[in-house]
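Novice: The structure that follows is given in the form of structure tokens.
Read the figures in this text as sums done on the coordinates, not as results from a lab. The structure displayed is predicted, hence computed values, not measured ones. When we count neighbours, we look across all protein chains shown, and the Cβ atoms used for this are built from the backbone with ideal geometry, even at glycine.
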Amino acid sequence: MKTVQRPLSPHLQVYRPQLTSVLSITHRGTGVVLSAGALVLLYWLVALASGPEAYAGAQRLLGSWPGQIVLLGFTFSLYYHLCNGIRHLGWDLGLGLDLPTAYASGWAVVACSVGMTVVTWAVVLVAGGAR
Amino acid sequence: MKFRAPLANVRGLGSAKEGTQHFYAQRLTAIALVPLSLWFVFRLLSVVGADYETALARLGSPLDTLLLVAFLVATFHHAQLGLQVVIEDYVHTRWLKLAGLVSLKLAAVLLGAASVLAALRISFGG
């Protein structure tokens, strides 16, 4: 492509990160992560459908330390994308578009997604401990 | 002042020639995924540490299979729509972009179908 010499908008790195922009890129990032999560879910469902040996193998893999950390990442990504997605649906309806409300809903998304992740993994650890 | 011809207004498709189809499908699947993903997390939590037979029984009831299939279809469709925008935003080499978008759509259908098939096998066995 031929390079045209014309004014460009400032590059990303000259901006100080703000809550709103960080949450926005995190929404996209978690969306990509969750697409990878869908593949792991596919693997787990196929293993469960394939029989006891395949299921035991999948449980071993996902139950290992690295597996658990990846699942923790998927859990946070899911809750974050869910909470921020509801925020986006509100914006689509024209709700909460002013700056103070956008910041308040942004912090609410952070609090909810972290809180829901902690509660979920507390349940996992209690249920897993009774295995 | 309006710059659009009356015909463009009637068609309502805009410069991308596909109107609000992508936007609408993304929102529709998002709305479906709010209750479905919450249900899915609760269902997964009920099989934490469960053995094979228990997991099979808990995910294989007719209602669970119906909701699981709905969740999987919405998930793979929503993922395809989102990743499509990521490719469109960041891949600027024409053939690479086209190859990426085509592979993404084909993979989403194939892998989505595979996950639905797995859900049905869990329900019906075999």
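Novice: Once R0 is set to 45 Å, what does the formula 1/(1 + (r/R0)^6) return for the Cβ-Cβ distance between A:Trp121 and A:Arg6, expressed as a FRET efficiency to the nearest 0.05?
Specialist: 0.35
Novice: Provide A:Trp44, A:Trp107 in ascending order of the number of other Cβ atoms located within 10 Å of each residue's Cβ, fewest first.
Specialist: A:Trp107, A:Trp44
Novice: Using Cα pairs closer than 8 Å and at least 6 residues apart in sequence, work out the relative contact order for chain B, in percent.
Specialist: 29
Novice: Per residue of B:108-121, count partner chain C-beta atoms within 10 Å of its C-beta, then hand back the mean as an integer.
Specialist: On the way: counts 2, 0, 0, 3, 2, 0, 3, 9, 2, 4, 10, 4, 1, 5.
Mean partner-chain Cβ count within 10 Å for B:108-121: 3.
Novice: Of the residues B:Leu110, B:Leu44, B:Leu13, which exhibits the maximal mean-square fluctuation in a Gaussian network model of chain B defined by a 10 Å Cα contact cut-off?
Specialist: Highest fluctuation of the listed residues: B:Leu13.
Novice: Gain in length, B:Ala16 to B:Phe124, computed as 0.36 nm per residue apart minus the alpha-carbon separation, to one decimal in nm?
Specialist: Working it through step by step, the gained length comes to 34.5 nm.
Novice: Also, I was wondering about something else. How high is the relative contact order of the stretch B:60-126, in percent, with contacts defined as C-alpha pairs under 8 Å that are six or more residues apart?
Specialist: This gives 56 percent for the stretch B:60-126.
Novice: Can you figure out the FRET efficiency of B:Asp51 with B:Arg94, using R₀ = 35 Å and their beta-carbon distance, to the nearest 0.05?
Specialist: Once rounded, the FRET efficiency stands at 0.10.
Novice: Let me know the mean shielding of A:43-51 by other chains, meaning the per-residue number of their Cβ atoms within 10 Å of its Cβ.
Specialist: Per residue, the number of nearby Cβ atoms from other chains is 6 on average.
Novice: Over the alpha-carbon set of chain A, divide Rg by the Kirkwood Rh and report the Rg/Rh ratio to two decimals.
Specialist: Values: Rg = 19.9 Å, Rh = 17.7 Å.
Radius of gyration over Kirkwood radius for chain A works out to 1.12.
Novice: Still on this structure, I have one more. Regarding the protein assembly as shown, what's the average projected area of the Cα-atom convex hull, expressed in nm²?
Specialist: 18.7
Novice: Further question on the same structure: Could you identify which residue out of B:Ser37, B:Ser115, B:Ser103 has the top mean-square fluctuation in a GNM of chain B using Cα springs shorter than 10 Å?
Specialist: B:Ser103
Novice: Mind jotting down the distance between the C-alpha centroids of the stretch B:19-87 and the stretch A:75-131, whole Å?
Specialist: 17
Novice: Fewest Cβ neighbours within 10 Å first, please rank A:His11, B:His78, A:His27, A:His88 accordingly.
Specialist: So the residues, fewest neighbours to most, are A:His11, A:His88, A:His27, B:His78.
Novice: Right, something else. How far apart, in nm, are two points set 7 Å out from the Cα along the Cα-to-Cβ line at B:Val85 and at B:Val69?
Specialist: With each label placed 7 Å out from Cα toward Cβ, I get 2.9 nm.
Novice: Apply 1/(1 + (r/R0)^6) to the Cβ-Cβ distance of A:Trp65 and B:Tyr24, taking R0 = 45 Å, and write down the FRET efficiency to the nearest 0.05. Intermediate values should be presented prior to the final figure.
Specialist: On the way: r = 43 Å, r/R0 = 0.94.
The formula returns an efficiency of 0.60 here.
Novice: Give the cross-link partners of B:Lys97 among the aspartates and glutamates, using a straight C-alpha distance below 12 Å as the criterion and excluding same-chain residues fewer than 8 apart.
Specialist: Reachable aspartates and glutamates: B:Glu88, B:Asp89.
Novice: Sorting A:Tyr80, B:Tyr52, B:Tyr24 on the 10 Å Cβ count, fewest up front, what's the list?
Specialist: With the fewest neighbours first, A:Tyr80, B:Tyr52, B:Tyr24 line up as B:Tyr24, B:Tyr52, A:Tyr80.
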